[in-house]
1. Specify the inter-centroid distance of the range 109-125 and the range 20-45, based on alpha-carbon positions, in whole Å.
2. In a solvent-free Debye calculation with one equal scatterer on each Cα, what is log10 I(q)/I(0) for the chain at q = 0.11, 0.14, 0.16, 0.17 Å⁻¹, listed in the order of the q values?
3. Provide 35, 7, 56 in ascending order of the number of other Cβ atoms located within 10 Å of each residue's Cβ, fewest first.
4. Note down the relative contact order for the range 10-126 as a percent, whole number, built from C-alpha pairs under 8 angstrom at least six residues apart.
5. Residues with beta-carbon under 11 Å from that of residue 22, excluding residue 22: net charge, scoring Lys, Arg +1 and Asp, Glu -1?
6. If each DSSP helix of 4+ residues adds -39,500 (n - 2.57) and the sum is divided by the residues in the chain, what number results at 222 nm, nearest 500 deg cm²/dmol?
Amino acid sequence: MPFAYDDQNIFAKILRGEIPNDTVLETQHTLAFRDIHPQAPDHVLVIPKGPYATYDHFALAASDEEIVDFTRTLGEVARAVGAQPSEAGGGFRLISNAGEDAVQEVPHMHVHLVAGRPLGRILQPA
Ligand code: AMP
């Protein structure tokens, strides 16, 4: 049974303007804002404005327009924080936790963009 979308989650409250956020970029379908507990010098959460609980929910249920907007905004965020990979270094990592095994804390689909320091390998042993 997939997650039902809970419109009382904290990101839904941010989208309704009930809780402040540190916006990096906003478009018609997407909001990008800084994580309140950053794990790297740049740690931005990119979320669709629509009511999607997990990445797979978004990928399978969102419109093409929403998906294109989301994907392009992620690319713009990487540029906006100066994290685009180049011959001089740099780079970033994208993470989307979905469900219990991934310890998803906020049940509104989001992608973490982390950057600004060497990030090590993707996973530690369980
Ligand atoms: P996840 O474990 O993937 O669901 O990550 C949820 C993220 O949301 C965590 O990194 C939190 O630090 C972040 N977070 C929770 N509340 C807020 C908030 N009000 N503003 C910004 N980030 C938040």
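Values in this text are rule-based calculations from the coordinates and carry no lab data. Quick caveat: nothing in here was measured; it's all calculated off a predicted structure. No Cβ is skipped: glycine too gets one built from the backbone with ideal geometry, and neighbour counts run over all protein chains shown.
1. What the calculation gives is 15 Å, centre to centre.
2. -0.38, -0.61, -0.80, -0.90
3. Ascending number of Cβ neighbours within 10 Å: 7, 56, 35.
4. Values: 176 pairs, mean separation 33.9, N = 117.
29 percent.
5. Neighbourhood net charge equals 0.
6. -7000 deg cm²/dmol
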